[in-house]
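S.K.: Below is one structure. I have some questions about it.
The values are calculated or read from the model by the stated rules, or taken from the named source; none is laboratory data. Bear in mind the structure is a predicted one, so any value in this text is a computation, not a measurement. No Cβ is skipped: glycine too gets one built from the backbone with ideal geometry, and neighbour counts run over all protein chains shown.
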Amino acid sequence: MDIRPLIASAAFFGASCFYHSVGLYALNINYKRRKNQFFFVLSVVLTIWTLSFSFAIQADSAKEALFWYQFSTLGWGTFYSFLFHFYHFSAYPQRKRGRLFYLFTYLPTLFNVIVFMFLGAFSTDQFTVVKNCWGWTYLLSFNWLNVYLLAYILLFFSLSLRAFYMAYKRAKDSRSKWVDFELDLYLMFAMVVMVAVDIFIRYTEFPFINLICLWMIIPTLRIFYIIKRPDFLDFKRREKSDKIVGTDVRNMIFEMVGFVYVLTAYLAYGTFFLSRNIELNYLLVLSAIFYCMGVSHFIIKKLIAKTENQYLFMTLLASLSMFLSAIIYYEDGGITIWAIYFFFIMITSLFDSLIYCYIVTGVLALVQLLYWYLLPRYNVLIDCTDYLFRILIIFGVWLIVQYIHRLYHKKTREYNYQKLIQETLTELSHNLLDVNLDNYQAKFQYSLALWNGRFNYSDSYIYVFSEDKQSGTLVLHQNGDNFCSQKTESEQVEYAILQDYLLDIGDVKNGNSIFIEDIELLPDKVAEFKSVLRAKGVLGFYALPIIVNGDAGGLLYFEFNEARDYIFHYDYKKVLSNLLSDSLQTIAFQKRMFKDANIDQVTGLYTRAHLTHELQRIIEQSTEEQRHVLIVLDLDNFKNTNDIFGHFIGDKALHKIGVALRSICSKGDLIARFGGDEFMIFSTDSEDEQQTYAFVEAILNAFKTPIYIDSQEINLSASIGVAVYPQDGKNMETLIKNADLAMYESKKMGKNRYHFCSDDAKRQTMENELYKDHLLNALDNDEFKLVYQPQINLKTGKISGAEALLRWDSPEFGSILPHKFIPILEHTGFIIEVGEWIIKSVIEQYLRMRQIGLPDFSISINLSYVQLQNKNFCERIAEIIQFYDVNPSFLELEILEKDIFAERSDFSEILLKIKSLGCRIAIDDFGIEFSSLNRLQLLQVDRLKIDRSFVEGIGVDNKKESVVDVIIELAKTFGFKSIAEGVETKAQMDYLRSRSCEDVQGYYNGQPLTPNEFVAFISDKVDTKQILADAY
């Protein structure tokens, strides 16, 4: 017996089975998508074509073979139209197709079916059906129908290739272009070969069969490989589950069982058809039943929602198929077929409940009991069919065992992997638990290094967006388990390209994640980025948003060099992203807290508190071999800027000064706004004195350039003091104090200059320290005393009052001048207690002078700015006045001009309270500061006291005389009185009298006197006209 027809028929039969299986697989991937539906139709057409050829080859007669060749028209007569439509849809998925397209595409198909199938064009007149050693085939006669058929095939195949070419041109990435080109190549190869072979067989009468449809296996095999990728046919990702049989595994089981039923339908039909043991109609019905059972397993997940019902449906079908098999194979006792159902016992062991396994086992046992009852003893003949089935059963069992084995080990690996993930996340959670501003870089670095090391990522990045998301910062880059801090020039270019791409990912900036499993799928518009990744050997990457306060504040980016499972890997990276999100929110909160507590709101520089804290820390960690520099910078006469331009412009000027200082200083330098117009710079590890001089010169030169704010030109200067660690101080307090002293020296020398701390300044500091210790006890030891300098009214010639001046007679140091100890009292705050003593002493001495008959006069007392800052100052004066029960109108409280125009919003309120007590107010040293006239007219003052520096210029400096004139006229204009201090010559007296100055004070009229001396001075010279006469 020649088995070649059997081999040929089995080859076509196997091809039909393959085509149909591939079509079912494509449809099962996503049955709702048009592309998948088209591909299924193509597979059905090829199935009909090959199955018809399989039956024709093994036909019993030429008539039967001719019938099957005619029936194959449903395959080859429609295939090329469907192929063209499929690729036309792939090339133009959004295009609407009109009636002309469908008429052009499917009218030839209708013609083919009618003419070649129903009208018998495959008749013996036109086609010669012959039988050779390979079975029944046909020889083509040359006539117009066959010319038409050849033209139809070539036309639609060419159109399909053109559609492929258009898809190639419209592809968005290089990988899609390559896929289209590859399919073009396979189709062209199949077309050329099959047409050449077909013509050769038909016109040379070569003893072989027609293999046209078999050549289509080549491109179909390639398509079968490609459809596994989600970028060709629309592919729904399988859902991951932590159950042994999750949704993905359950669907795979149904698909596998469905394929088993479909394969059984083919084998039942094909095997028995080839062996000719059963009638054809009976086989068709039997195969149809098994085929429907198989298809039902594919659609069960669409029809039945509950998992339990799906399992029950499958169990019932298995039971039904067992009884059906028992009926069909009753004659031989199911000698072989009964073993097939061990498949179901093994499969049901994977279900969530064993009840299904019990059902199948019970039904299988019941079938065997039925056989036992009906056929207690039966001899059967085993033929090749039974052996073939047994081989298939063994192979099937092997496949199921292999599947269960892989499933078990897969779940075991997933469990171990999940365990490693949980351990890693726990470790990272503990690591990030105490994250703060000081350690977050190191903790993020450790987190990425741990992640990369355990899960084999090539590169990972943490990228933080700016507030507008138009720019960002690459906070951290981890290459494997190595932290990348130093970047080569090529790496910097690479990072720039990466940052440009990361900023362009709109989905991530909107809070969504992206996963690119193959960089070749990226569009060509990011070709530069693709080339960078390709050069690094990167296969794909993840980009996950890091949500901060409900918005994407940055992203977590991973690159990998090997295939990854999207769902499984995405879940745990999402947890890592959330951990980093919590950490970044903590850091952002700490930054805000740090900024509020340590950053000056006007300049953006550090505050005094932060700088002193850092200064203390650095000095404590330093050795005496190191050299640090502390610079104190005080703006000269900055109050004038505020008075002229306003505080808003003044704040902007301070901000620009801060920007300028940052541009001059090095990265590690600490810069702070130490006070209103005072700045401090701490530079660590300064190399030598020459470098320090150059640094200070650069700061001073920065003030030579005017500042422009809102078209206003502002010229500023600064006085700078410099102290060096450790020679000028080995602790924070000493270093700051010496830098301050150096700055004050700069101001004394004329401002707009710098001064290094000197030995004289340090000696002065030591002296002040000694004074401070004794001053604290001076009041208790009765070491303070008051002296009075007379004030003369130029119109009446009488004593109008006196200024009470404080003196310190120390047993250790002797008589100390006020300018040496008053600043110490102010610095320590002891001036408040001493000031109250002065007021009390003045009132007591005034009352005694009045009791001995001295005429009424006023006494001026100097107030310190520190006293005015005391919130209880006015209340304490009121208590003192009430205690002595005195009319306070004789008290005149003198306040320095620089203090009265200081930046205090409540100063007018303080002056108003003083006035309400009945005291008078004078502005001392008037003229040396630039007072705001607008504020001056609003203040509750009584007298302006012309500073001695202008009085000294009378007769010497015309400009100073002009200032004196202006102050006197200003006092008259605002209704104030005027008094000049420091009058020491006749010329000064003449000038002041001629300008109508009301009172004078100075050594020319009398030096400061003790209370007894002052009483004697008044008693001897009550009529002060003689004093004035002597002056002439």
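S.K.: Among the residues in the range 582-590, are any among the polar types (S, T, N, Q) and surrounded by 20 or more Cβ atoms within 10 Å (Cβ to Cβ)? Give the derivation first.
M.R.: Of the range 582-590, the ones among the polar types (S, T, N, Q) are 583, 585-586, 590.
Next, from what is left, pick out any that are surrounded by 20 or more Cβ atoms within 10 Å (Cβ to Cβ): 583.
Yes, the range 582-590 contains at least one residue that is among the polar types (S, T, N, Q) and surrounded by 20 or more Cβ atoms within 10 Å (Cβ to Cβ).
Yes/no per residue for (1) part of a loop (DSSP other than H, G, I, E, B); (2) on the phi > 0 side of the Ramachandran plot; (3) crowded, with 17+ Cβ neighbours inside 10 Å:
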site: 935; (1), (2), (3): no, no, no
site: 940; (1), (2), (3): yes, no, no
site: 964; (1), (2), (3): no, no, yes
site: 978; (1), (2), (3): no, no, yes
site: 990; (1), (2), (3): no, no, no
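S.K.: Next question, about the same structure. Which one is nearest to the chain's Cα centre (by Cα), of the residues in the range 826-847 that are at pLDDT below 90 and not polar (S, T, N, Q)? If you could, list the steps in order and put the result at the bottom.
M.R.: Let us first name the residues in the range 826-847 that are at pLDDT below 90, namely 826-829.
Narrowing further to those that are not polar (S, T, N, Q): 826-827, 829.
Numbers: 826: 51, 827: 48, 829: 50 Å.
If we take residues in the range 826-847 being at pLDDT below 90 and not polar (S, T, N, Q), then 827 is nearest to the chain's Cα centre (by Cα).
S.K.: Just checking, which of 918, 927, 953, 1006 is crowded, with 16+ Cβ neighbours inside 10 Å and under 28 Å from residue 873 (Cβ atoms)? Talk me through it step by step, then tell me what you get.
M.R.: On the way: 918 fails: crowded, with 16+ Cβ neighbours inside 10 Å; 953 fails: under 28 Å from residue 873 (Cβ atoms); 1006 fails: under 28 Å from residue 873 (Cβ atoms).
Just one listed residue meets the conditions, 927.
S.K.: Within the range 780-790, does at least one residue satisfy the condition of being over 60 Å from the mean Cα position of the chain (by Cα), farther than 26 Å from residue 1012 by Cα, surrounded by fewer than 19 Cβ atoms within 10 Å (Cβ to Cβ) and basic (Lys, Arg)?
M.R.: Going residue by residue through the range 780-790, those that are over 60 Å from the mean Cα position of the chain (by Cα) are 780-790.
With the extra rule that they be farther than 26 Å from residue 1012 by Cα, the set shrinks to none.
Checking the range 780-790: not a single residue is over 60 Å from the mean Cα position of the chain (by Cα), farther than 26 Å from residue 1012 by Cα, surrounded by fewer than 19 Cβ atoms within 10 Å (Cβ to Cβ) and basic (Lys, Arg).
S.K.: Right, next: Output the number of residues of the range 135-165 satisfying the condition of being touching a helix residue (DSSP H, G or I) at 6+ places or on another chain (Cβ under 7 Å), at pLDDT 75 or above and either among the charged types (D, E, K, R) or outside any helix (DSSP H, G or I) (or both).
M.R.: 2
S.K.: Given the criterion crowded, with 17+ Cβ neighbours inside 10 Å, touching a helix residue (DSSP H, G or I) at 6+ places or on another chain (Cβ under 6 Å) and either at pLDDT below 75 or not aromatic (Phe, Trp, Tyr) (or both), identify the matching residue among 476, 437, 448, 425. If you could, list the steps in order and put the result at the bottom.
M.R.: Values: 437 fails: crowded, with 17+ Cβ neighbours inside 10 Å; 448 fails: touching a helix residue (DSSP H, G or I) at 6+ places or on another chain (Cβ under 6 Å); 425 fails: crowded, with 17+ Cβ neighbours inside 10 Å.
Step by step, each of 476, 437, 448, 425 is checked, and only 476 is crowded, with 17+ Cβ neighbours inside 10 Å, touching a helix residue (DSSP H, G or I) at 6+ places or on another chain (Cβ under 6 Å) and either at pLDDT below 75 or not aromatic (Phe, Trp, Tyr) (or both).
S.K.: On to the next question. Any residue in the range 732-751 that's within 12 Å of residue 631 (Cα to Cα) and assigned by TED's automatic domain parsing to the domain that holds residue 628: show its pairings with residues that are basic (Lys, Arg) and assigned to a helix (DSSP H, G or I) at Cβ separation under 9 Å, as long as the two are six or more apart or on different chains.
M.R.: 738/762; 741/762
S.K.: Also, I was wondering about something else. Looking at the range 20-38, which of its residues are within 24 Å of residue 264 (Cβ to Cβ), assigned to a helix (DSSP H, G or I) and within 49 Å of the chain's Cα centre (by Cα)? Steps first, please.
M.R.: Restricting attention to the range 20-38, the residues satisfying the condition of being within 24 Å of residue 264 (Cβ to Cβ) are 20-29, 31.
Remaining after also requiring assigned to a helix (DSSP H, G or I): 20-29.
Of everything in the range 20-38, those that are within 24 Å of residue 264 (Cβ to Cβ), assigned to a helix (DSSP H, G or I) and within 49 Å of the chain's Cα centre (by Cα) turn out to be 21, 22, 23, 24, 25, 26, 27, 28, 29.
S.K.: Before we move on, is residue 850 in contact (Cβ under 8 Å) with a residue 12 or more places away in the chain and either within 25 Å of residue 807 (Cα to Cα) or of a type in the set (Gly, Ala, Ser) (or both)? Outline the logic, then answer.
M.R.: Numbers: in contact (Cβ under 8 Å) with a residue 12 or more places away in the chain: no; either within 25 Å of residue 807 (Cα to Cα) or of a type in the set (Gly, Ala, Ser) (or both): yes.
No.
S.K.: Another question, then. Considering only the range 878-898, I want to know if a residue exists there that is of a type in the set (S, T, N, Q), at pLDDT 90 or above, in a loop (DSSP other than H, G, I, E, B) and surrounded by fewer than 19 Cβ atoms within 10 Å (Cβ to Cβ).
M.R.: Filtering the range 878-898 for residues of a type in the set (S, T, N, Q) gives 882, 887, 889.
Retained after the next criterion (residues that are at pLDDT 90 or above): 882, 887, 889.
Filter once more, keeping what is in a loop (DSSP other than H, G, I, E, B): 887.
Still in the list and also surrounded by fewer than 19 Cβ atoms within 10 Å (Cβ to Cβ): 887.
Among the residues of the range 878-898, at least one is of a type in the set (S, T, N, Q), at pLDDT 90 or above, in a loop (DSSP other than H, G, I, E, B) and surrounded by fewer than 19 Cβ atoms within 10 Å (Cβ to Cβ), which makes the answer yes.
Conditions tested, residue by residue: (1) out of contact with any Lys or Arg (no Cβ under 9 Å at 6 or more places or on another chain); (2) surrounded by 21 or more Cβ atoms within 10 Å (Cβ to Cβ).
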{"position": "609", "(1), (2)": "yes, no"}
{"position": "613", "(1), (2)": "yes, no"}
{"position": "632", "(1), (2)": "yes, yes"}
{"position": "646", "(1), (2)": "yes, no"}
{"position": "652", "(1), (2)": "yes, no"}
{"position": "664", "(1), (2)": "yes, no"}
{"position": "682", "(1), (2)": "yes, yes"}
{"position": "723", "(1), (2)": "no, yes"}
